[in-house]
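> Provided herewith is a single structure, encoded as structure tokens, for subsequent inquiry.
The values are calculated or read from the model by the stated rules, or taken from the named source; none is laboratory data. Worth saying up front: this structure is predicted, and the values here are computed from it rather than measured. Cβ placement follows ideal geometry from the backbone for every residue including glycine, while neighbour counts extend to all protein chains displayed. When the accessible area is computed, the model is the full protein with side chains, heavy atoms only, and any ligands, DNA or RNA have been set aside. Shrake-Rupley method; radii C 1.70, N 1.55, O 1.52, S 1.80 Å.
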Amino acid sequence: MTNIINSGLFISIMVPSGIVFINFIVFSLLYKKSTEKGNKIFLLYNLGGMGLRMILVLLLIFLSLKFLKIDKYGFIFAFFIWYILFLIVEIKAVKAKADAIKGK
């Protein structure tokens, strides 16, 4: 069983999971900070935060692919899987907060 995933592939899977987790942490901090504010601040933090997070993620991807000796295809595949999963969590969090505000 240990021959299926070698150490290079394991690192190629764990590095993008760390990148996406950092992206999620930044989202969580900006979202938590913006929920108690008005609509303008909410849009500024979340939409502006998306641009900032996108630049951060692209920079981390570039640095990882450039300087780490990892499987590029495994890295990209793992990144997209992790990114989609965390994006679903982000959407559900925003939707839950919107539904809670509508219910009040």
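> Could you check region 47-67 and list, in sequence order, the residues that are in contact (Cβ under 8 Å) with a residue 24 or more places away in the chain and over 30 Å from Gly8 (Cβ atoms)?
Leu52
> Only one of these is assigned to a helix (DSSP H, G or I) and under 25 Å from Ile101 (Cα atoms): Ile11, Ile25, Ile19, Ile81. Name it.
It is Ile25.
> Taking region 1-29 as the search range and keeping residues that are more than 13 Å from the chain's Cα centre (by Cα) and open to solvent by less than 40 Å² (accessible area, probe 1.4 Å), which one is modelled with the highest pLDDT?
Going through the qualifying residues, I end up with Ser12.
> Provide a single number: the residues in region 31-40 that are part of a helix (DSSP H, G or I) and open to solvent by less than 40 Å² (accessible area, probe 1.4 Å).
Counting residues in region 31-40 that are part of a helix (DSSP H, G or I) and open to solvent by less than 40 Å² (accessible area, probe 1.4 Å) gives 2.
> Being open to solvent by 60 Å² or more (accessible area, probe 1.4 Å) and not in a helix (DSSP H, G or I) is the filter here; which residues of region 41-71 pass it?
Those that are open to solvent by 60 Å² or more (accessible area, probe 1.4 Å) and not in a helix (DSSP H, G or I): Leu68, Lys69, Asp71.
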